[in-house]
Every structure is written in C-alpha cells, then in structure tokens.
1. Could you name the aspartates and glutamates in cross-link range of A:Lys201, using Cα to Cα under 14 Å and dropping any fewer than eight places away on the same chain?
2. Given an 8 Å cut-off on Cα distances and at least 6 residues of separation, report the relative contact order of the range A:99-228 as a percent.
3. When DSSP beta bridges are limited to those with both residues in the protein assembly as shown, what percentage is antiparallel, rounded to the nearest 5?
4. Across peptide A:136-149, how many C-beta atoms of other chains are within 10 Å of each residue C-beta, on average?
5. What whole-number distance in Å separates the alpha-carbon centres of the range B:51-95 and the range B:188-266?
6. Calculate how steeply helix A:21-30 sits against the longest principal axis of the alpha-carbon atoms of chain A, using the helix alpha-carbon long axis, and give the answer as 0 to 90 degrees to the nearest 10.
7. Pairs of Cα atoms under 8 Å, at least six residues apart: use those to get the relative contact order of chain A, whole percent.
8. What does the helix-only formula give at 222 nm for the protein assembly as shown: each DSSP H stretch with n ≥ 4 adding -39500 (n - 2.57), the total divided by the residues, and the result rounded to the nearest 500 deg cm²/dmol?
Amino acid sequence: MPHIHAEAVTIEFPLYHLGARSLKKRILANSPLRLRQDEASRIVVSALRDLSFRIQPGERVALIGHNGAGKTTLLRTLAGVYEPVAGRLEVAGSIGALIDPSAGMDPNATGRENIVLRGLFRGLSEAESSTLAEEVGEFSGLAEFLDVPVRTYSAGMAVRLSFAMATVMDPEVLLMDEWFLAGDAEFMQRARAKLEALVSKAEILVLASHDMSIVREWCTRVIRLDSGRIAQDGTVDEVLGAPAAA
Amino acid sequence: MPDGSAISGPQPGALYVFDASRPRRIAAALGDIATGLRRVRLSVALASLDIRNRYRGSVLGPFWLTLSTAAMVGGLGLLYSSLFKMSLAEYLPFIAVSLIVWNTINAIVTDACTSLTSAEGIIRQLPLPYTVHVLRCVWRNAVIAAHNLPIILAVFLATGAWPGWEAWQALPGLALLGINACALALFLGMLCARFRDIPPIVGSVMQLAFFLSPVIWKPELLEPSRAAWLPLNPFYAVMETVRGPLVEGGASATVWVAAVVYTAAMAGIALAFFIRFRGRIAFWV
C-alpha cells in the first residue's frame, strides 16, 4: 500500500563557499535561528528539523508556510533527491514529482527531443518515449513548434510543453509544487482538468501551496511548516480555521 | 483527450527507504552503478545532445578537432623529427598516436571535473543515478576522440608503418583507458563539486604531465637507468598500453602490470569515495 512514513527527518544544507572567517561570524551572529555551525565547523542551514508524520493511502496533504519554510525541500526529500542527515524516511509507491517544470530540459533541443529525453529520464525505452512525444505534443497544442528548439519558444509555450511533459504519468504518490497551478489562463483550463484527473488517480497527494482556496478544494489535511519544523498538522478546518491562520 | 494511463512511473510499487542511522551506503552506491549501467541509453542520448550543443551552428562540427589535431601532428612531426634526428616516416606514426591518445586523456580529465557540476540542474530536480552523469561525460569524450581515428589511418597509410597482428592489444589498453575515465569522472566530479579550486589545479597538473610524460619524446631517448622509472608515471603506463601495440609492436609487461595496478587503484579510490559521499552530492553541486 502506498504510504509515507517520516520519523525525525532532518535536512541540513551546508553553505560551503562562504569564504572568510569574519563573514562566518557575522552570519552566525545575525541569524541564530536556523544557521548553525556543525561539528566540522561548517555553517549549515537547518532546512528541515525533526519532521515526523505518517501519510496513509487516500490522504491529500497540503504543505503550507512562508517562503523558506521548507516546503519544496520536503517535496524534494520525499522524491529522493536529498538524503536526510538524520531520521528515517519511507515512501512506498511509484513517485511522480511535479516540482520544477523545466527539470532536465535542454533549451537547444527541440520540443520533441525534450519529450523523448524526459521519457528516458523516467526509465522508458526509446520506442515508448516516442509514443510519449505524440501524446504530449497533442496535449500541449504546440503543433509545428514541436520540432523547433525550445529556446525559441515564448514563455507561454515553454510552460505548455513542460506542463504537458510533466503530467504524462500515473503515479501512486504525487508530489506537486504550486508552481504547476500558475500559467496562462486559456491553457490553465485544460491543465486544470488534467491535474484534477492526475490528483484523483493518485493514492497520495502532497501539495506545496500558498493558495488557500486550492488547499480547501483539494486537500483533506494540512501541515503548516515554520522554519523547517511542523507548526501545525491537522484537517483543513483545524489548521486553516485556527486563529493563527487568520 | 490523451491521458497518461498508458505510461507508468519509473518503479511501480516501489519502496524508497532511507534511514540515517543505518544508511546502507554500499548497497546504495552499487545500486546506483547498476541502475546507471542499465540505463546507459539515457547517458548516450544526453551525450549526443552535449556534442550537438557544443558544435551547434558549426559547419565541420567535431571534425574541427580532426583538423586541428592533423595540423598539430604535421607541425610537431616536422619539427621534432629534425630535433631528435629521426626520419619523418619513423617519427610521424609515433607522434600521431601519441598526441591523439594524450589529447583524449587530457580532454577526459578536464571534463571529469565538471561531470557532476554541469548536471546540477538535473541532480537537484530528479532522483537519477549519478552514474548516468558519469557515463554521459565518458561517452561524449569517447565519441569526440573517435573523430581523430582517420588521422591515425592516414598516417599509417602515408608512412606504410602498419602495425602487425599485435595491434589487437590496443583494445584491452582502450578498455583500461575507459575504466580509468569512468573512475576519474566519478572521483574528480565529486571532488570538484565539493572543492571548487580543484579544476585549475587539475589543469596545471595536466600541463606539467604533458611535458614530463613521453608524449612528444620517445622513452628510448632517456638513459636506461632513468627510463626504468617511467612506469611510475600513471599517464605513461595507461597511454603506453594503447600506443605501444599500435606503433612499437606491443607494450612491455612492466607497463601492463603498472597500468592494471593504477586502474585498479583509481577504480578502488573512486568507488570508496562514492560509497562514502554519494548521499552528499546533491548538496554539493
């Protein structure tokens, strides 16, 4: 059964290229909360601190919090990009990550080549990836621009392509950054329908968002992160209805 | 309305477990390498895109390298054959093979420094095996180096200095070179991701090594007592396993032993480093 179990998961980003000792001192003096010095006297940012939670099949979890609270870092950790420095993390089920839409995109390659590349990134064969190109090409509505290098695309076209590429999947655990909910209005209507289908098919959704209307509409549970810690964890009404959120 | 139901995720029903108190680093590193090798098509596709991007808009593309190497071989051949008082027909095959093998080694070592940092965008977004980036780096250099093969053929044809049957021994030599390239791309890639001062150091070392290794000069020009020390130079040992069979009727047993030992050591160091620090790469790049 798909599930996510996190026990005391901690992520620390080392800040390596800070240079002079005096600079270190100044930084540490100004920010006693999340920057600290570890045993090897490196300066580290505590991105996630001691997170423990369990997500069961069928749950729709929203991650909310200020910028820099650790929402995207948590998504990347769940996707397996960052290894925790402490704690235990277990993610069962195929993972689909919609975190950075342009991840792995080569601006000099054509749209079609990028789609095939994306298929290979996912571990598909070349034949499967070419099938994928047809499907994605159709959904993105790029038509003849599919065979033109991506760097010549307008911003809107690039968004369409990355969205179409990223959403052609059928994961059990869907990790999504709210970026995917932004985009030009005309395309967003179709995109919205696509996302809703994806979300309803996934067993577990973890969505990082600032948009409370989307949280209320799609999610059953809200985890509020504050400076890398869980500040609140409960149903949508418990967390968003609480006075602190007002 | 297309939908994604036909396309499944990478690992249906997969289980991803990470426990910081029991990191199981060896299993993770070996699993990374195994998955990377299984998905070699991805590395090849990325490498061909790299080559195309590097030579985008250029008419000759990678054949510019062929031309510049040919000019270098011709120029150095004329100059040094007279400096060393050898006939051109004797010296030219040596310098051609020598320069091409050296340029390949040099290009791989230099590129190895950026094997992981250049893939930063992918590493921080997609959980891919790091081996994919290593193989990508090695493969793009192998393909570019292969553009020099016509020069070797042309020189052999012009001087009539065809190697004998022992030329097949260059194949195990190339295999050693390939293993070294993978190990270097992994080791230097990680080291340079963590310490950004390493690439310039590597550049200077390679420049020095070019003059200290018998690339332009033949090893026989050294006094025998000094030449005996040559196998201590890893560049010489690995280079000679490819060059020897092609132009000198084979490499000595000492050279082979030295090259195998260096390769095993390099692979061992790279693997140990990878096992220990694999989990940190995403934070380094």
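1. Qualifying aspartates and glutamates at Cα under 14 Å: A:Glu59, A:Asp170, A:Glu172, B:Asp3.
2. On the way: 130 pairs, mean separation 30.6, N = 130.
Rounded, it is 24 percent for the range A:99-228.
3. Numbers: 30 of 47 bridges.
Restricted to the protein assembly as shown, the bridges split so that about 65 percent are antiparallel.
4. Details: counts 3, 1, 2, 4, 0, 0, 0, 0, 0, 0, 0, 0, 0, 1.
What the average comes to for A:136-149 is 1.
5. Using only Cα atoms to place each centre, the spacing works out to 20 Å.
6. Taking Cα atoms only, the helix is inclined about 90 degrees.
7. Details: 433 pairs, mean separation 65.2, N = 246.
Computed over chain A, the figure is 27 percent.
8. Working: 21 runs with 281 residues, N = 531.
Rounded to the nearest 500, the figure is -17000 deg cm²/dmol.
Read the figures in this text as sums done on the coordinates, not as results from a lab. Worth saying up front: this structure is predicted, and the values here are computed from it rather than measured. Reconstructed Cβ throughout: ideal geometry from the backbone, glycine too, with neighbour counts over all protein chains shown.
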